[in-house]
Amino acid sequence: MGDGPSFEEVSSIAQNILGRVKHRPKIGIVCGSGLGGLADDVQDAEILPYSEIPTFPVSTVPGHMGKLVFGILEGKTVVLMRGRLHCYEGYPMWKTTIPIRVMKALGVTTIFLTNAAGGINPDFNVGDMMIIRDHIDLPGLTGECVLRGANDERFGPRFLATVDTYDPELRATCKKVFQDLGLSQLMREGTYVMIGGPTFETVAESRLLKAFGGDSVGMSTVAEAIVARHMGMRVFGLSLITDMCCLSYDTANHTTHEEVLAIGQKRAEDLKAIVMRLLKDTTVE
Ligand SMILES: O=P(O)(O)O[C@H]1O[C@H](CO)[C@@H](O)[C@H]1O
């Protein structure tokens, strides 16, 4: 096989994990930059550092601890990725999504993807949370789609329809969660654009992404969502807006990763409340 992990490699990682943990999760959660605190509330936790799982890629970015956390959250058996992988760390795109393929092999059917993102939509504010309705796979549009390479039908089809990537029912449930928790003023919905990073956008690039119809921008999530859908999983995505992209040279400021992590910390409790309630209100087969 060319690009992409082999089915056998993914199965072998999953077998290794299944031999070491007792939990059998149906829901997977990927914690975005600075959003790993979700894992603190997991009960009866079993923790596997990525570095202790044979052939599993490791996280190298501050704010991404690099641990799989298995346990119970809101009565649901879950596995959390406390730390994701990004292609700017030097990984080929397919390698950043090995954990998603492994989750499926572990029995996960529904995945919640969270991320820290820049706001492109001028109506957004720092601290808002955007339910992802759609995405723009910028790397994919330029030939670097995560599904590039030989396709193994045991994972999924060669050609994948992506119009319904983000599950409408989960989005509707999440909107109700925002209302029920009195957080409607923070709720946004829109299109997430994936860039390769690690550079933040120039003013001209931000303008381009806005003209494309993007509402938020980040360096993750889209490849994970595509791979999850490739394997028939249900996908939900949520962006925490940690900074606003500069659309004017007059107001240009410098986004930093520290700022991104600080907003993640500040909004951690609200984000946690939303994800926990969404978990509670989500039924899984
Ligand atoms: O998408 P997550 O992992 O939340 O992280 C976001 O935050 C980092 C930049 O500060 C980038 O990695 C960007 O993608």
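The values are calculated or read from the model by the stated rules, or taken from the named source; none is laboratory data. Being a predicted model, the structure only gives us computed values, none of them experimental. Virtual Cβ from ideal backbone geometry, glycine too; neighbours counted across all protein chains shown. These area figures cover heavy atoms from the full protein model, side chains too; ligands, DNA and RNA do not enter into them. Shrake-Rupley method; radii C 1.70, N 1.55, O 1.52, S 1.80 Å.
Selection of the stretch 237-265 for residues being free of Cβ contacts under 8 Å to residues at least 60 places away in the same chain and open to solvent by 40 Å² or more (accessible area, probe 1.4 Å) yields TYR249, ASP250, THR251, ALA252, ASN253, HIS254, THR256, GLU258, GLU259.
With a requirement of 2 or more residues that are of a type in the set (Val, Ile, Thr), the helices (runs of 4 or more DSSP H) lying completely within the stretch 153-266 that satisfy it span 168-180, 222-230, 257-266. Before we move on, is THR255 near the ligand (Cβ under 10 Å from one of its atoms), farther than 25 Å from PRO168 by Cα and either in contact with a Lys or Arg (Cβ under 6 Å, 6 or more places away or on another chain) or among the polar types (S, T, N, Q) (or both)? Answer is yes for this residue.
Tell me yes or no: at least one residue of the stretch 208-228 is farther than 28 Å from ASP164 by Cα and open to solvent by less than 30 Å² (accessible area, probe 1.4 Å).
We begin by selecting, within the stretch 208-228, every residue farther than 28 Å from ASP164 by Cα; these are none.
Scanning the stretch 208-228, I find no residue that is farther than 28 Å from ASP164 by Cα and open to solvent by less than 30 Å² (accessible area, probe 1.4 Å), so the answer is no.
Of the residues examined, THR191 is one that is touching an Asp or Glu at 6+ places or on another chain (Cβ under 8 Å), closer than 20 Å to CYS245 by Cα, crowded, with 19+ Cβ neighbours inside 10 Å and among the polar types (S, T, N, Q). Across the stretch 102-115, the number of residues qualifying as open to solvent by 10 Å² or more (accessible area, probe 1.4 Å) and touching a Pro at 6+ places or on another chain (Cβ under 6 Å) comes to 0.
Here ALA268 clears all of (1) in contact with a helix residue (DSSP H, G or I) (Cβ under 8 Å, 6 or more places away or on another chain); (2) open to solvent by less than 10 Å² (accessible area, probe 1.4 Å); (3) within 14 Å of the ligand (Cβ to nearest atom) except the condition numbered (2). Regarding the stretch 117-135, can at least one residue be identified that is in a strand (DSSP E or B), free of Cβ contacts under 8 Å to residues at least 60 places away in the same chain and farther than 24 Å from HIS230 by Cα? Looking through the stretch 117-135, none of the residues is in a strand (DSSP E or B), free of Cβ contacts under 8 Å to residues at least 60 places away in the same chain and farther than 24 Å from HIS230 by Cα. When VAL102, VAL126, VAL163, VAL108 are checked against the criterion of being β-branched (Val, Ile, Thr), more than 16 Å from the ligand (Cβ to nearest atom) and under 18 Å from ASP215 (Cβ atoms), VAL163 stands alone in meeting it.
Of the residues in the stretch 210-225, not one is in contact with a Phe, Trp or Tyr (Cβ under 8 Å, 6 or more places away or on another chain) and more than 16 Å from the ligand (Cβ to nearest atom).
Sort through GLU9, GLU74, GLU52 and tell me the only one that's closer than 24 Å to MET130 by Cβ and open to solvent by 50 Å² or more (accessible area, probe 1.4 Å). Exactly one residue qualifies, and that residue is GLU74. Looking only at the stretch 175-224, residues that are small (Gly, Ala, Ser) and in contact with a Lys or Arg (Cβ under 9 Å, 6 or more places away or on another chain) come to 4 in all. Taken together, the residues in the stretch 81-105 that are among the hydrophobic types (A, V, I, L, M, F, W, C) and touching a Gly at 6+ places or on another chain (Cβ under 8 Å) amount to 5.
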